[in-house]
Amino acid sequence: MIIERRRTTFWSEEARNKRATGCLVFCVLVLTSAVIGGIAYLVQPEFWWAGALGGLFLALILFTYVAQYGPKQLIQIAGARDADPEEQRRMIDVGHEMAIAAGIPVPKFYVTDDPSINAFSVGFNPSNAAVCFTTGALEKLNRDELQGVMAHEISHIKNYDTRLMTMLALTLGLLVVIRSVFLRSGGLSGRDRGRSGAGGILVLILVIVAPILTMLINLATSRKREFLADATAAQLTRYPDGLADALEKIEADSSPPAEVNAAISPLFISSPAGAESDSAFSLFSTHPSTRERIARLRSMGLINRDAMTDQPPTV
Amino acid sequence: MFTGLVIFLVAIALLVFLFVALYNGLVSLRQQAINAWAQIDVQLRRRYDLIPNLVETVKQYMKYEQETLEKVIQARQRAMDAQGMRAQGEAENALTHALGGLFAVAESYPDLKASQNMQNLQEELASTENRISAARQFYNDSVMEYNTKLQQFPQSVVANMFGFKPREMFEIEDPGAREPVKVSFS
């Protein structure tokens, strides 16, 4: 029965993530359209609609591009290289095992040169997803631990967390751009057109931006997402202690992490230190405390030792 | 009168739509279970293919263990010949045990342990064992989802009309076999 309940939350999480991504995309489309329309209004009031339409198309093209090439770009930002079938064989094997257990296509595998223990996954769809490990993780984790971490990453792909996070990274980038554009145009038009035009746009933008920002923060800080990926990982490996051991090693590990671009830091299994302090992502503590995650996995292990080794519940 | 007719037609259209959606949902769940079953076979075949290789490697070092090797070869043959879900499950278990025995014996051959070829085979086989149990696990998960849907209302109505049958889960008799064999020399 335990497994059955977990299964349903599992599916609804996928649906929830797809809905959230759709909602996010919609909000950003409206926002870009409003902003560019607003700027057009300031410049040439009778052509506001052209600006709005242009903004809409611009955002649509951007999203299509991101859906297509975003994951690849993130891999490049991370400075990752293809995993070598000989050298990183264990990682690739474990990845195959977990993909089979999750019933998703086998993702691509990448490695980054980084002495700290970490991993992340990207992908708009499970069929074009990728998992990336640091060399530190491959050297310091044993097979069971590696499997636990791999299962966690595969869970992110299967639950469509990766899709949401890719879009989230893009939206944050867009917001920064829009903000700077607005500040510039607001500054220019403030004297020319009088305060009313700029003030109206400011209110409009606040009205639209505030809810999006709130949603972003809610999404990015959703600790549930990490806990859920841990729980799914336990379901895939049937051995929650593997991931718990890995998290303990990550916490005890003192290797300085390589410089990580802030845009991809929320994707990692444990936040790369340093990335926390800069850029837009400083707002979001994306990961629940490692200690709490370990505690949950350990308690799961205790239950599983009785429940999981039984026959699966017959319906 | 006219509005009544429109409402009636819309209701019918909605019902048909719902019906089709339920039917398609069941079909895709059933297909997922069938695919999951095929995936188990893929992984089992992978193991069959590995074993001759393993036996060749081991033979060079273990001259006095003909019996253990023979057991593995026979278990492989029986597993390949087995018919039916239950018989095959049992034969596969026997093969897993025979392999476990082989690796246990291999412990006492330091040269064999050190050989690169053996180490590769060991990882390959450990991974294959894991893939087999992962595939079985996913099959069971898929079957459970499908069987549950079959019994839930309103899917149960559609299922009865079109003769969707519940599928059998893969069950392992020996509880120890659920754990993949540890083929580690350390």
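Looking at A:S116, A:S185, A:S121, which one is among the hydroxyl-bearing types (S, T, Y) and at pLDDT below 85?
Going through A:S116, A:S185, A:S121 in turn, the sole match is A:S185.
Looking at the range B:117-138 only, could you name the residues that are over 19 Å from B:V55 (Cβ atoms) and either of a type in the set (F, W, Y) or touching a His at 6+ places or on another chain (Cβ under 8 Å) (or both)?
B:R131, B:F138, listed by residue number.
Check B:R136, B:R131 and return the single one that is at the interface with chain A (Cβ under 9 Å from one of its Cβ atoms) and modelled with pLDDT of 85 or more.
Answer to the selection: B:R131.
Any chance you could count how many residues in the range A:76-87 are on the phi < 0 side of the Ramachandran plot and surrounded by fewer than 20 Cβ atoms within 10 Å (Cβ to Cβ)?
Number of matching residues: 8.
Could you please find all residues in the range B:111-131 being within 21 Å of the chain's Cα centre (by Cα) and surrounded by fewer than 17 Cβ atoms within 10 Å (Cβ to Cβ)?
Matches in the range B:111-131: B:E123 only.
Test B:Q32 against the stated conditions and say whether it is in contact with an Asp or Glu (Cβ under 9 Å, 6 or more places away or on another chain), modelled with pLDDT of 85 or more, in a helix (DSSP H, G or I) and within 14 Å of chain A (Cβ to nearest Cβ).
For B:Q32, the condition - in contact with an Asp or Glu (Cβ under 9 Å, 6 or more places away or on another chain), modelled with pLDDT of 85 or more, in a helix (DSSP H, G or I) and within 14 Å of chain A (Cβ to nearest Cβ) - is met.
If I ask for residues that are part of a loop (DSSP other than H, G, I, E, B), within 14 Å of chain B (Cβ to nearest Cβ) and over 25 Å from A:M167 (Cα atoms), which ones from the range A:84-143 would you list?
Correct list: A:P85, A:E86, A:E87, A:Q88, A:N142.
B:Y61 fails exactly one of the following numbered conditions: (1) in a helix (DSSP H, G or I); (2) in contact (Cβ under 8 Å) with a residue 40 or more places away in the chain; (3) more than 13 Å from chain A (Cβ to nearest Cβ). What is the number of that condition?
The number of the failed condition is (1).
If you go through the range B:100-110 one residue at a time, do you hit one that is more than 10 Å from chain A (Cβ to nearest Cβ), surrounded by fewer than 20 Cβ atoms within 10 Å (Cβ to Cβ) and charged (D, E, K, R)?
There is at least one residue in the range B:100-110 that is more than 10 Å from chain A (Cβ to nearest Cβ), surrounded by fewer than 20 Cβ atoms within 10 Å (Cβ to Cβ) and charged (D, E, K, R).
Among the residues of the range B:150-161, write down those that are more than 10 Å from chain A (Cβ to nearest Cβ) and either closer than 15 Å to B:N24 by Cβ or in a helix (DSSP H, G or I) (or both).
Of everything in the range B:150-161, those that are more than 10 Å from chain A (Cβ to nearest Cβ) and either closer than 15 Å to B:N24 by Cβ or in a helix (DSSP H, G or I) (or both) turn out to be B:P154, B:Q155, B:S156, B:V157, B:V158, B:A159, B:N160, B:M161.
How many residues does the range B:116-128 hold that are without any contact (Cβ under 8 Å) to a residue 12 or more places away in the chain and at the interface with chain A (Cβ under 9 Å from one of its Cβ atoms)?
Here the count works out to 3.
The values are calculated or read from the model by the stated rules, or taken from the named source; none is laboratory data. Note that the coordinates shown come from a computational prediction; the quantities given were computed from them, not determined experimentally. Cβ sites come from the backbone with ideal geometry, for glycine too, and all protein chains shown count toward neighbours.
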